[in-house]
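Colleague: A single structure is presented below for examination.
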Amino acid sequence: MLRSSRQKYIAVAAAVLSLACAIPSLAHHGFTGAYNAKRPIYMEGTVESVTVAYPHVEMTIQVKGTASVPNELPDIAKLGIADVMKLLTVAEPGSYELQIAGLQQELEGRIAKGDAIALVALQNCLPPKQYRSRWLRVASGEVVSLGGRTQTEVNGCENT
C-alpha cells in the first residue's frame, strides 16, 4: 500500500511539474499565427523603439515615403520563400510594430532607437494582423537573418 501511494505521489508531482513548465510556453504562444509568405513586405525606416529580449525582439519603425526594393538583398534566399524577390511589396508610409523571432543574440547591441534599417516582414493573416521579420539590414549595413520557414507561415491568407 505504501509503495502504491508513493508511486501516485511521484506521478502527481511529475504531472504538476510538467504543467508548470508548459505554462510559459502556452503564455508565449497563446496567439495563433498565420504569417503570409506569399506577400512579403519590404520596409525601410527609422527605429522608434526597440526591446531586445527573449523570446522576441520587439520594435516599432517609422516608414516615411515609399522605398523601392533593391535589386539584391543579401541572404534573402535563407528565408526559404520561393521567388521572394518577385513577391516583395513595399510598405506604405506609417508606423509598424514588429516582432523579430530568434535573433535576440544577433541584434543585441546592433540596433537602437534612431537607427535607419531595412527589413522584410510577413503580416499575420489573423487579427491583430501583426508583423514579424526574420531578415534585417541594420544601420551598419550588415544583414542579420534567420533561415528556413517557420511553422506559422502560410502561402496566402485565403484559407485562414
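The values are calculated or read from the model by the stated rules, or taken from the named source; none is laboratory data. Note that the structure is a prediction, hence the values are computed from the model and not measured. Neighbour counts are summed over all protein chains in view; Cβ atoms, including those assigned to glycine, are modelled from backbone coordinates with ideal geometry.
Colleague: Based on this model, can you work out whether residue 115 counts as in the same structural domain as residue 51 (by TED's automatic domain parsing), among the acidic types (Asp, Glu), more than 20 Å from residue 35 (Cα to Cα) and out of contact with any helix residue (DSSP H, G or I) (no Cβ under 7 Å at 6 or more places or on another chain)?
Modeller: yes
Colleague: Among the numbered criteria (1) touching a Leu at 6+ places or on another chain (Cβ under 7 Å); (2) at pLDDT 95 or above; (3) of a type in the set (Ser, Thr, Tyr), which one does residue 160 miss?
Modeller: Going through (1) touching a Leu at 6+ places or on another chain (Cβ under 7 Å); (2) at pLDDT 95 or above; (3) of a type in the set (Ser, Thr, Tyr) one by one, residue 160 breaks only (2).
Colleague: For region 47-103, which residues satisfy the criterion of being in contact with a Gly (Cβ under 6 Å, 6 or more places away or on another chain), closer than 20 Å to residue 129 by Cβ and surrounded by 15 or more Cβ atoms within 10 Å (Cβ to Cβ)?
Modeller: 61, 63
Colleague: For region 126-143, enumerate the residues that are surrounded by fewer than 20 Cβ atoms within 10 Å (Cβ to Cβ) and modelled with pLDDT under 95.
Modeller: 126, 127, 128, 129, 130, 132
Colleague: What are the pairs with Cβ atoms under 8 angstrom where one residue, in region 97-125, is at positive phi and the other, located anywhere, is not in a loop (DSSP other than H, G, I, E, B)? Sequence gap at least six, or different chains.
Modeller: Partner pairs satisfying both residue conditions: 102/134; 114/46; 114/47.
Colleague: Among the residues of region 56-110, write down those that are assigned to a loop (DSSP other than H, G, I, E, B), in contact with a Leu (Cβ under 8 Å, 6 or more places away or on another chain) and over 19 Å from residue 45 (Cβ atoms).
Modeller: 81, 102
Colleague: Return a yes/no flag: does region 111-125 have any residue that is part of a helix (DSSP H, G or I) and among the polar types (S, T, N, Q).
Modeller: Taking every residue of region 111-125 in turn, none turns out to be part of a helix (DSSP H, G or I) and among the polar types (S, T, N, Q).
Colleague: Still on this structure: Just to be sure, is residue 111 in contact with a Ser or Thr (Cβ under 7 Å, 6 or more places away or on another chain), surrounded by 13 or more Cβ atoms within 10 Å (Cβ to Cβ) and either modelled with pLDDT under 95 or more than 20 Å from residue 156 (Cβ to Cβ) (or both)?
Modeller: In short, no.
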